[in-house]
Amino acid sequence: MLIVPLWAAIALAQTPAELANDPTVRAALEAVRRNEPAAIEQEVSVCEIPAPPFHEEARGQELKRLFTGLGLQEVRIDKAGNVIGVRPGRAAHPNLVFAAHLDTVFPEGTNVKVTREGTVLKGPGIGDDCRGLALMLSVIRSLREAHVETPGTITFVADVGEEGLGDLRGMKELFGVTLKGQIDKFVSVDGTGLGVVNVGVGSYRYRVTFKGPGGHSYGAFGMANPIQAMGRAIAKIDAFEVPSRPKTTFNVGRVGGGTSVNAIPYEAWMEVDMRSSDPAALKALDEKFNAAVKQAVQEENQRWNNRGAVTVSPELVGIRPAGETPRSSPIVETALAVSRALGVEEVLREGSTDANVPMNLGIPAITISGGGAGTGAHSLNETFDTRDSWKGTERALLLAVALAR
Ligand SMILES: [Zn+2]
(Lines give C-alpha, C1' and ligand atoms only; values in the text may rest on other atoms or scores of the structure.)
Protein backbone atom coordinates (compact mmCIF):
# COMPACT_ATOMS: atom_id res chain seq x y z
CA MET A 1 0.00 0.00 0.00
CA LEU A 2 1.50 3.26 -1.09
CA ILE A 3 0.76 6.30 0.99
CA VAL A 4 0.66 9.35 -1.19
CA PRO A 5 1.40 12.51 0.73
CA LEU A 6 -0.85 15.45 0.01
CA TRP A 7 1.74 17.56 -1.71
CA ALA A 8 2.17 14.80 -4.23
CA ALA A 9 -1.56 14.75 -4.82
CA ILE A 10 -1.54 18.48 -5.48
CA ALA A 11 1.47 18.13 -7.73
CA LEU A 12 -0.41 15.83 -10.07
CA ALA A 13 -1.88 17.39 -13.14
CA GLN A 14 -5.27 17.92 -11.58
CA THR A 15 -7.61 20.36 -13.23
CA PRO A 16 -8.76 23.19 -10.97
CA ALA A 17 -12.15 21.44 -10.71
CA GLU A 18 -10.45 18.25 -9.49
CA LEU A 19 -8.26 20.27 -7.17
CA ALA A 20 -11.36 21.85 -5.61
CA ASN A 21 -12.53 18.34 -4.69
CA ASP A 22 -9.25 17.30 -3.10
CA PRO A 23 -10.20 16.77 0.58
CA THR A 24 -7.54 19.11 1.97
CA VAL A 25 -8.26 21.85 -0.55
CA ARG A 26 -11.97 21.41 0.07
CA ALA A 27 -11.33 21.89 3.78
CA ALA A 28 -9.49 25.13 3.00
CA LEU A 29 -12.37 26.36 0.85
CA GLU A 30 -14.75 25.59 3.72
CA ALA A 31 -12.44 27.50 6.05
CA VAL A 32 -12.69 30.50 3.72
CA ARG A 33 -16.48 30.57 4.08
CA ARG A 34 -16.24 30.13 7.84
CA ASN A 35 -13.60 32.87 8.10
CA GLU A 36 -15.34 35.42 5.88
CA PRO A 37 -17.05 37.34 8.73
CA ALA A 38 -13.65 37.65 10.44
CA ALA A 39 -12.09 38.71 7.13
CA ILE A 40 -14.65 41.50 6.84
CA GLU A 41 -13.85 42.68 10.39
CA GLN A 42 -10.18 42.66 9.42
CA GLU A 43 -10.94 44.65 6.28
CA VAL A 44 -12.50 47.36 8.45
CA SER A 45 -9.72 47.48 11.02
CA VAL A 46 -6.92 47.56 8.43
CA CYS A 47 -8.77 50.28 6.53
CA GLU A 48 -9.01 52.50 9.58
CA ILE A 49 -5.20 52.76 9.62
CA PRO A 50 -4.38 55.63 7.22
CA ALA A 51 -2.13 54.78 4.26
CA PRO A 52 -1.72 57.98 2.22
CA PRO A 53 0.49 58.00 -0.88
CA PHE A 54 4.17 57.58 0.14
CA HIS A 55 3.16 57.02 3.79
CA GLU A 56 2.08 53.40 4.07
CA GLU A 57 4.30 52.68 7.12
CA ALA A 58 1.63 52.38 9.81
CA ARG A 59 -0.56 50.04 7.81
CA GLY A 60 2.57 48.15 6.72
CA GLN A 61 3.60 47.58 10.33
CA GLU A 62 0.16 46.12 11.07
CA LEU A 63 0.42 43.76 8.09
CA LYS A 64 3.85 42.69 9.29
CA ARG A 65 2.38 41.86 12.68
CA LEU A 66 -0.50 39.93 11.10
CA PHE A 67 1.78 38.02 8.69
CA THR A 68 3.92 36.94 11.64
CA GLY A 69 0.88 35.93 13.69
CA LEU A 70 -0.39 33.79 10.82
CA GLY A 71 2.85 31.81 10.73
CA LEU A 72 4.46 33.20 7.60
CA GLN A 73 8.24 32.96 7.54
CA GLU A 74 11.01 35.46 6.78
CA VAL A 75 8.55 38.28 7.46
CA ARG A 76 10.24 41.54 6.60
CA ILE A 77 9.83 45.02 5.12
CA ASP A 78 11.98 45.90 2.12
CA LYS A 79 13.59 49.23 1.25
CA ALA A 80 10.52 50.53 -0.58
CA GLY A 81 8.19 49.54 2.29
CA ASN A 82 6.74 46.32 0.86
CA VAL A 83 5.78 43.82 3.57
CA ILE A 84 6.86 40.31 2.64
CA GLY A 85 6.06 36.93 4.20
CA VAL A 86 6.83 33.47 2.87
CA ARG A 87 4.70 30.33 3.00
CA PRO A 88 7.25 27.71 1.99
CA GLY A 89 6.20 24.78 -0.17
CA ARG A 90 8.03 21.51 -0.74
CA ALA A 91 10.39 23.45 -2.96
CA ALA A 92 11.42 27.06 -3.34
CA HIS A 93 10.07 27.06 -6.90
CA PRO A 94 7.77 27.74 -8.50
CA ASN A 95 7.54 30.83 -6.36
CA LEU A 96 4.14 32.50 -6.64
CA VAL A 97 3.93 36.06 -5.42
CA PHE A 98 0.46 36.89 -4.17
CA ALA A 99 0.03 40.61 -3.51
CA ALA A 100 -2.36 43.38 -2.50
CA HIS A 101 -1.52 47.06 -2.18
CA LEU A 102 -1.31 49.03 1.06
CA ASP A 103 -1.60 52.53 -0.31
CA THR A 104 -4.67 54.65 -0.99
CA VAL A 105 -5.18 57.83 -3.02
CA PHE A 106 -6.27 59.76 0.06
CA PRO A 107 -4.03 62.46 1.57
CA GLU A 108 -2.92 62.60 5.17
CA GLY A 109 -5.69 63.77 7.51
CA THR A 110 -8.53 62.10 5.59
CA ASN A 111 -11.19 60.62 7.88
CA VAL A 112 -10.81 56.88 7.33
CA LYS A 113 -13.51 55.73 9.75
CA VAL A 114 -15.58 52.94 8.20
CA THR A 115 -19.38 52.99 8.65
CA ARG A 116 -21.84 50.17 8.00
CA GLU A 117 -25.38 49.89 6.77
CA GLY A 118 -26.64 46.33 6.40
CA THR A 119 -24.11 44.48 4.26
CA VAL A 120 -22.57 47.69 2.94
CA LEU A 121 -19.33 49.13 4.33
CA LYS A 122 -18.45 52.72 3.53
CA GLY A 123 -15.02 54.34 3.85
CA PRO A 124 -12.09 55.60 1.78
CA GLY A 125 -10.18 52.61 0.36
CA ILE A 126 -12.61 50.00 1.71
CA GLY A 127 -12.69 48.21 -1.65
CA ASP A 128 -9.45 49.48 -3.22
CA ASP A 129 -7.54 47.89 -1.70
CA CYS A 130 -8.48 47.04 1.90
CA ARG A 131 -10.50 44.26 0.32
CA GLY A 132 -7.38 42.81 -1.30
CA LEU A 133 -5.43 42.95 1.98
CA ALA A 134 -8.23 41.28 3.96
CA LEU A 135 -8.69 38.62 1.32
CA MET A 136 -4.97 37.87 1.33
CA LEU A 137 -4.98 37.48 5.13
CA SER A 138 -7.97 35.14 4.94
CA VAL A 139 -6.27 33.02 2.28
CA ILE A 140 -3.20 32.66 4.53
CA ARG A 141 -5.36 31.78 7.55
CA SER A 142 -7.52 29.26 5.68
CA LEU A 143 -4.56 27.48 4.05
CA ARG A 144 -3.04 27.20 7.51
CA GLU A 145 -6.18 25.89 9.21
CA ALA A 146 -6.62 23.19 6.55
CA HIS A 147 -2.88 22.28 6.63
CA VAL A 148 -2.56 22.65 2.87
CA GLU A 149 0.93 21.88 1.62
CA THR A 150 1.85 23.14 -1.81
CA PRO A 151 4.65 21.84 -4.06
CA GLY A 152 5.83 25.39 -4.77
CA THR A 153 6.17 28.38 -2.47
CA ILE A 154 3.77 31.29 -2.02
CA THR A 155 5.28 34.65 -1.12
CA PHE A 156 2.68 37.08 0.19
CA VAL A 157 3.32 40.79 -0.31
CA ALA A 158 1.48 43.86 0.96
CA ASP A 159 2.99 46.43 -1.36
CA VAL A 160 3.41 50.19 -1.56
CA GLY A 161 3.02 52.75 -4.32
CA GLU A 162 0.33 51.22 -6.53
CA GLU A 163 -1.77 54.35 -6.89
CA GLY A 164 -1.18 57.46 -9.00
CA LEU A 165 2.21 59.06 -8.58
CA GLY A 166 3.28 56.11 -6.42
CA ASP A 167 4.18 54.94 -9.91
CA LEU A 168 4.28 51.22 -8.98
CA ARG A 169 7.40 51.87 -6.94
CA GLY A 170 6.69 48.90 -4.68
CA MET A 171 6.56 46.51 -7.62
CA LYS A 172 9.60 48.09 -9.25
CA GLU A 173 11.58 47.48 -6.05
CA LEU A 174 10.20 43.95 -5.58
CA PHE A 175 10.96 42.76 -9.12
CA GLY A 176 14.07 44.88 -9.62
CA VAL A 177 15.81 44.43 -6.28
CA THR A 178 14.16 42.61 -3.36
CA LEU A 179 13.13 39.39 -5.15
CA LYS A 180 14.89 39.98 -8.44
CA GLY A 181 15.00 36.79 -10.50
CA GLN A 182 13.13 34.80 -7.83
CA ILE A 183 9.51 35.28 -8.90
CA ASP A 184 7.96 32.75 -11.28
CA LYS A 185 4.31 33.84 -11.23
CA PHE A 186 2.40 36.82 -9.94
CA VAL A 187 -1.18 37.44 -8.84
CA SER A 188 -2.40 40.67 -7.31
CA VAL A 189 -5.80 41.16 -5.75
CA ASP A 190 -7.14 44.62 -6.38
CA GLY A 191 -10.59 46.04 -5.78
CA THR A 192 -13.99 44.41 -5.92
CA GLY A 193 -15.97 42.10 -8.18
CA LEU A 194 -14.71 38.94 -9.82
CA GLY A 195 -12.72 40.25 -12.79
CA VAL A 196 -9.45 38.97 -14.20
CA VAL A 197 -7.01 41.45 -15.74
CA ASN A 198 -4.47 40.07 -18.21
CA VAL A 199 -3.62 43.23 -20.15
CA GLY A 200 -1.59 45.93 -18.42
CA VAL A 201 -2.20 49.37 -19.84
CA GLY A 202 1.01 51.34 -19.60
CA SER A 203 1.28 55.08 -19.29
CA TYR A 204 3.73 57.95 -19.54
CA ARG A 205 2.90 61.11 -17.69
CA TYR A 206 4.63 64.42 -18.26
CA ARG A 207 4.67 67.85 -16.78
CA VAL A 208 6.00 70.17 -19.48
CA THR A 209 7.19 73.65 -18.53
CA PHE A 210 7.69 76.45 -21.11
CA LYS A 211 9.74 79.47 -20.03
CA GLY A 212 10.70 82.85 -21.45
CA PRO A 213 11.71 86.29 -20.17
CA GLY A 214 8.14 87.67 -20.28
CA GLY A 215 7.24 91.34 -20.45
CA HIS A 216 4.55 93.93 -21.06
CA SER A 217 1.93 92.84 -23.57
CA TYR A 218 2.10 96.17 -25.40
CA GLY A 219 5.53 97.54 -24.55
CA ALA A 220 7.42 94.28 -25.08
CA PHE A 221 5.34 93.04 -27.99
CA GLY A 222 7.37 91.05 -30.51
CA MET A 223 8.68 88.45 -28.06
CA ALA A 224 8.11 84.74 -28.15
CA ASN A 225 5.37 83.67 -25.75
CA PRO A 226 5.49 80.51 -23.57
CA ILE A 227 1.70 80.09 -23.56
CA GLN A 228 1.50 80.52 -27.32
CA ALA A 229 4.33 78.01 -27.74
CA MET A 230 2.37 75.61 -25.56
CA GLY A 231 -0.70 76.25 -27.72
CA ARG A 232 1.27 75.19 -30.77
CA ALA A 233 2.38 72.04 -28.94
CA ILE A 234 -1.19 71.19 -27.89
CA ALA A 235 -2.43 71.65 -31.47
CA LYS A 236 0.22 69.18 -32.68
CA ILE A 237 -0.62 66.67 -29.96
CA ASP A 238 -4.32 66.99 -30.78
CA ALA A 239 -3.59 66.00 -34.39
CA PHE A 240 -1.79 62.73 -33.48
CA GLU A 241 -3.17 59.62 -35.16
CA VAL A 242 -3.00 56.62 -32.82
CA PRO A 243 -3.96 52.96 -33.28
CA SER A 244 -7.37 51.93 -31.96
CA ARG A 245 -6.10 48.36 -31.47
CA PRO A 246 -4.16 48.10 -29.27
CA LYS A 247 -6.03 51.05 -27.79
CA THR A 248 -3.58 53.93 -27.51
CA THR A 249 -4.59 57.29 -26.08
CA PHE A 250 -3.34 60.77 -25.21
CA ASN A 251 -4.71 63.61 -23.13
CA VAL A 252 -3.60 67.10 -22.17
CA GLY A 253 -5.24 67.08 -18.76
CA ARG A 254 -4.16 70.30 -17.03
CA VAL A 255 -2.66 73.59 -18.11
CA GLY A 256 -1.54 76.67 -16.27
CA GLY A 257 0.69 79.72 -16.40
CA GLY A 258 0.80 83.44 -16.95
CA THR A 259 0.34 86.27 -14.49
CA SER A 260 -1.94 88.81 -16.15
CA VAL A 261 -3.96 89.45 -19.28
CA ASN A 262 -1.61 92.31 -20.19
CA ALA A 263 1.68 90.48 -19.60
CA ILE A 264 3.64 88.20 -21.88
CA PRO A 265 3.96 85.23 -19.54
CA TYR A 266 7.32 84.01 -18.32
CA GLU A 267 6.00 80.53 -17.70
CA ALA A 268 3.36 78.03 -18.81
CA TRP A 269 2.91 74.36 -18.04
CA MET A 270 0.79 71.40 -19.05
CA GLU A 271 0.27 67.85 -17.80
CA VAL A 272 -0.05 65.13 -20.39
CA ASP A 273 -1.01 61.47 -20.06
CA MET A 274 -0.41 58.83 -22.77
CA ARG A 275 -1.48 55.21 -22.54
CA SER A 276 -1.34 51.92 -24.38
CA SER A 277 -1.30 48.22 -23.62
CA ASP A 278 1.34 47.83 -26.34
CA PRO A 279 4.85 48.88 -25.24
CA ALA A 280 5.93 49.60 -28.84
CA ALA A 281 2.90 51.80 -29.55
CA LEU A 282 3.46 53.67 -26.30
CA LYS A 283 7.12 54.25 -27.08
CA ALA A 284 6.28 55.50 -30.59
CA LEU A 285 3.69 57.91 -29.18
CA ASP A 286 6.17 59.14 -26.58
CA GLU A 287 8.74 59.90 -29.28
CA LYS A 288 6.16 61.76 -31.37
CA PHE A 289 5.11 63.76 -28.31
CA ASN A 290 8.66 64.84 -27.44
CA ALA A 291 9.35 65.80 -31.06
CA ALA A 292 6.12 67.82 -31.25
CA VAL A 293 6.96 69.80 -28.12
CA LYS A 294 10.43 70.63 -29.43
CA GLN A 295 9.11 71.57 -32.84
CA ALA A 296 6.40 73.80 -31.34
CA VAL A 297 9.00 75.80 -29.41
CA GLN A 298 11.21 76.13 -32.49
CA GLU A 299 8.28 77.45 -34.53
CA GLU A 300 7.30 79.93 -31.84
CA ASN A 301 10.88 81.24 -31.59
CA GLN A 302 11.19 81.50 -35.39
CA ARG A 303 7.89 83.34 -35.60
CA TRP A 304 9.34 86.09 -33.37
CA ASN A 305 12.89 85.97 -34.76
CA ASN A 306 14.16 84.51 -31.49
CA ARG A 307 13.31 87.64 -29.49
CA GLY A 308 12.75 86.47 -25.91
CA ALA A 309 13.26 82.88 -26.96
CA VAL A 310 11.18 80.25 -25.18
CA THR A 311 12.75 77.11 -23.70
CA VAL A 312 10.99 73.93 -22.74
CA SER A 313 11.62 71.10 -20.28
CA PRO A 314 9.40 68.04 -20.40
CA GLU A 315 9.60 66.25 -17.05
CA LEU A 316 8.54 62.64 -16.91
CA VAL A 317 6.50 62.38 -13.69
CA GLY A 318 5.24 58.83 -14.11
CA ILE A 319 5.94 55.68 -16.06
CA ARG A 320 3.79 52.60 -15.85
CA PRO A 321 5.23 49.91 -18.06
CA ALA A 322 2.80 48.19 -20.44
CA GLY A 323 2.48 44.46 -20.97
CA GLU A 324 0.18 41.56 -21.57
CA THR A 325 -0.15 37.99 -20.34
CA PRO A 326 -1.64 36.18 -23.34
CA ARG A 327 -5.06 34.55 -23.12
CA SER A 328 -3.41 31.22 -24.00
CA SER A 329 -0.81 31.36 -21.21
CA PRO A 330 -1.10 28.75 -18.42
CA ILE A 331 -1.69 31.37 -15.71
CA VAL A 332 -4.67 32.92 -17.53
CA GLU A 333 -6.09 29.53 -18.49
CA THR A 334 -5.75 28.41 -14.87
CA ALA A 335 -7.46 31.56 -13.59
CA LEU A 336 -10.40 31.06 -15.93
CA ALA A 337 -10.64 27.35 -15.10
CA VAL A 338 -10.54 28.12 -11.36
CA SER A 339 -13.33 30.67 -11.79
CA ARG A 340 -15.41 28.18 -13.80
CA ALA A 341 -14.83 25.42 -11.24
CA LEU A 342 -16.43 27.70 -8.64
CA GLY A 343 -19.29 28.76 -10.90
CA VAL A 344 -17.87 32.18 -11.76
CA GLU A 345 -18.04 33.17 -15.43
CA GLU A 346 -15.60 35.95 -16.15
CA VAL A 347 -14.31 37.86 -19.11
CA LEU A 348 -10.75 39.11 -19.35
CA ARG A 349 -10.09 42.80 -18.93
CA GLU A 350 -7.49 45.50 -19.29
CA GLY A 351 -6.23 47.42 -16.31
CA SER A 352 -3.42 49.46 -14.86
CA THR A 353 -2.31 47.56 -11.77
CA ASP A 354 0.68 46.16 -9.94
CA ALA A 355 0.75 43.34 -12.52
CA ASN A 356 1.98 45.81 -15.16
CA VAL A 357 5.52 45.46 -13.86
CA PRO A 358 5.85 41.65 -14.17
CA MET A 359 3.85 41.65 -17.43
CA ASN A 360 6.40 44.05 -18.88
CA LEU A 361 9.21 41.73 -17.74
CA GLY A 362 7.51 38.72 -19.37
CA ILE A 363 6.72 37.07 -16.02
CA PRO A 364 3.28 35.39 -16.01
CA ALA A 365 1.04 37.83 -14.13
CA ILE A 366 -2.61 38.70 -13.64
CA THR A 367 -4.71 40.82 -11.33
CA ILE A 368 -7.93 39.45 -9.92
CA SER A 369 -10.58 41.33 -8.00
CA GLY A 370 -11.52 40.50 -4.44
CA GLY A 371 -15.23 39.59 -4.59
CA GLY A 372 -18.23 41.48 -3.27
CA ALA A 373 -19.34 44.61 -5.08
CA GLY A 374 -17.93 48.11 -4.89
CA THR A 375 -18.78 51.64 -5.88
CA GLY A 376 -16.91 54.95 -5.84
CA ALA A 377 -13.31 53.72 -5.81
CA HIS A 378 -10.87 56.63 -5.22
CA SER A 379 -13.68 58.73 -3.70
CA LEU A 380 -14.50 59.52 -0.08
CA ASN A 381 -17.85 57.79 -0.61
CA GLU A 382 -16.32 54.46 -1.56
CA THR A 383 -18.50 51.48 -0.62
CA PHE A 384 -18.06 47.72 -0.45
CA ASP A 385 -21.03 45.37 -0.37
CA THR A 386 -19.99 42.23 1.47
CA ARG A 387 -22.81 40.09 0.08
CA ASP A 388 -21.31 36.79 -1.18
CA SER A 389 -17.83 38.28 -0.85
CA TRP A 390 -16.55 34.83 0.20
CA LYS A 391 -16.77 33.84 -3.47
CA GLY A 392 -13.85 36.15 -4.19
CA THR A 393 -11.82 34.71 -1.32
CA GLU A 394 -12.56 31.13 -2.40
CA ARG A 395 -11.57 31.86 -5.96
CA ALA A 396 -8.31 33.47 -4.81
CA LEU A 397 -7.42 30.55 -2.54
CA LEU A 398 -8.05 27.92 -5.18
CA LEU A 399 -6.06 29.96 -7.67
CA ALA A 400 -3.12 30.29 -5.27
CA VAL A 401 -3.06 26.52 -4.71
CA ALA A 402 -3.42 25.80 -8.42
CA LEU A 403 -0.51 28.09 -9.28
CA ALA A 404 1.84 27.05 -6.47
CA ARG A 405 2.76 23.83 -8.29
ZN1 LIG B 1 -6.13 49.41 -6.33
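The values are calculated or read from the model by the stated rules, or taken from the named source; none is laboratory data. Everything numeric here is computed off the predicted structure, so don't read it as measured data. No Cβ is skipped: glycine too gets one built from the backbone with ideal geometry, and neighbour counts run over all protein chains shown. Quick note on the areas: whole protein, heavy atoms, side chains included, nothing else; ligands and nucleic acids left out. Shrake-Rupley method; radii C 1.70, N 1.55, O 1.52, S 1.80 Å.
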Worksheet item: All but one of (1) more than 16 Å from the ligand (Cβ to nearest atom); (2) of a type outside the set (Ser, Thr, Tyr); (3) in contact with a Ser or Thr (Cβ under 7 Å, 6 or more places away or on another chain); (4) within 30 Å of VAL46 (Cβ to Cβ) hold for LYS211; which doesn't?
Response: (4)
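In region 175-193, how many residues are within 16 Å of the ligand (Cβ to nearest atom) and surrounded by 20 or more Cβ atoms within 10 Å (Cβ to Cβ)?
So in region 175-193, the residues within 16 Å of the ligand (Cβ to nearest atom) come out as 186-193.
Going one step further and asking which of them are surrounded by 20 or more Cβ atoms within 10 Å (Cβ to Cβ), we end up with 186-192.
Of the residues in that region, 7 qualify.
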Worksheet item: Within region 79-96, is there a residue that is β-branched (Val, Ile, Thr) and open to solvent by 30 Å² or more (accessible area, probe 1.4 Å)?
Response: no
Fill in: Matching residues in region 133-158 - criterion: being surrounded by 24 or more Cβ atoms within 10 Å (Cβ to Cβ), within 15 Å of GLN73 (Cβ to Cβ) and of a type in the set (A, V, I, L, M)
LEU143, ILE154, VAL157
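Do we have LEU316 as under 29 Å from ASN360 (Cβ atoms), touching a residue at least 24 places away in the same chain (Cβ under 8 Å) and crowded, with 18+ Cβ neighbours inside 10 Å here?
no
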Practice prompt. Determine which member of the set GLY161, GLY118 is touching a His at 6+ places or on another chain (Cβ under 9 Å) and either more than 16 Å from the ligand (Cβ to nearest atom) or open to solvent by less than 10 Å² (accessible area, probe 1.4 Å) (or both).
Written response: GLY161
Discussion item. From the list LYS79, LYS64, exactly one residue is in a loop (DSSP other than H, G, I, E, B), among the basic types (Lys, Arg) and at pLDDT 95 or above. Which is it?
Written reply: LYS79
Discussion item. Just to be sure I understand, how many residues within region 303-325 are modelled with pLDDT under 95, part of a loop (DSSP other than H, G, I, E, B) and not aliphatic (A, V, I, L, M)?
Written reply: 1
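With respect to VAL139, determine if the residue is in contact with a helix residue (DSSP H, G or I) (Cβ under 8 Å, 6 or more places away or on another chain), more than 13 Å from the ligand (Cβ to nearest atom), over 30 Å from ALA20 (Cβ atoms) and at pLDDT 95 or above. Even if it seems obvious, please write down each step before you answer.
Values: in contact with a helix residue (DSSP H, G or I) (Cβ under 8 Å, 6 or more places away or on another chain): yes; more than 13 Å from the ligand (Cβ to nearest atom): yes; over 30 Å from ALA20 (Cβ atoms): no; at pLDDT 95 or above: yes.
No.
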Discussion item. Please go through (1) more than 16 Å from the ligand (Cβ to nearest atom); (2) touching an Asp or Glu at 6+ places or on another chain (Cβ under 7 Å); (3) of a type in the set (A, V, I, L, M, F, W, C); (4) open to solvent by less than 10 Å² (accessible area, probe 1.4 Å) for CYS130 and return the number of the only condition it doesn't satisfy.
Written reply: (1)
Discussion item. Which pairs turn up if I take residues in region 354-383 that are free of Cβ contacts under 8 Å to residues at least 60 places away in the same chain and open to solvent by less than 50 Å² (accessible area, probe 1.4 Å) and look for partners that are part of a strand (DSSP E or B) and more than 13 Å from the ligand (Cβ to nearest atom) with beta carbon separation below 7 Å, at least 6 apart in sequence or on another chain?
Written reply: GLY376/THR383
Response to the item:
Out of (1) farther than 14 Å from THR104 by Cβ; (2) open to solvent by 40 Å² or more (accessible area, probe 1.4 Å), the one GLU48 does not meet is (1)
Item to complete: State all residues of region 238-291 that are of a type outside the set (Gly, Ala, Ser), in contact (Cβ under 8 Å) with a residue 24 or more places away in the chain and part of a helix (DSSP H, G or I); if no residue qualifies, say none.
Response: PRO279, LEU282, LEU285, ASP286, LYS288, PHE289, ASN290
Item to complete: State which residue pairs qualify: first residue in a strand (DSSP E or B) and inside region 100-122, second residue among the acidic types (Asp, Glu) and more than 16 Å from the ligand (Cβ to nearest atom) in any location, beta carbons under 9 Å apart, and separation of 6 or more residues or different chains.
Response: VAL120/ASP385; LEU121/ASP385
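Table: residues versus (1) within 30 Å of PRO151 (Cβ to Cβ); (2) in contact (Cβ under 8 Å) with a residue 60 or more places away in the chain.
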{"site": "GLU173", "(1), (2)": "yes, yes"}
{"site": "THR178", "(1), (2)": "yes, yes"}
{"site": "PHE186", "(1), (2)": "yes, yes"}
{"site": "GLY195", "(1), (2)": "yes, yes"}
{"site": "TYR206", "(1), (2)": "no, yes"}
{"site": "MET223", "(1), (2)": "no, yes"}
{"site": "ILE227", "(1), (2)": "no, no"}
Practice prompt. Could you tell me which of the residues ASN82, ASN95 is among the polar types (S, T, N, Q) and either more than 16 Å from the ligand (Cβ to nearest atom) or within 23 Å of VAL32 (Cβ to Cβ) (or both)?
Written response: ASN95
Discussion item. Against the conditions (1) within 18 Å of the chain's Cα centre (by Cα); (2) away from the ligand (no atom under 16 Å from the Cβ); (3) among the acidic types (Asp, Glu), where does ASP103 fall short? Just the number, please.
Written reply: (2)
Worksheet entry | Count of residues meeting criterion [of a type in the set (A, V, I, L, M), touching a Pro at 6+ places or on another chain (Cβ under 8 Å) and open to solvent by 30 Å² or more (accessible area, probe 1.4 Å)] in region 198-256 | 2
Worksheet item: Can you find a residue in region 209-228 that is among the basic types (Lys, Arg) and either in contact with a His (Cβ under 6 Å, 6 or more places away or on another chain) or over 16 Å from VAL310 (Cα atoms) (or both)?
Response: no
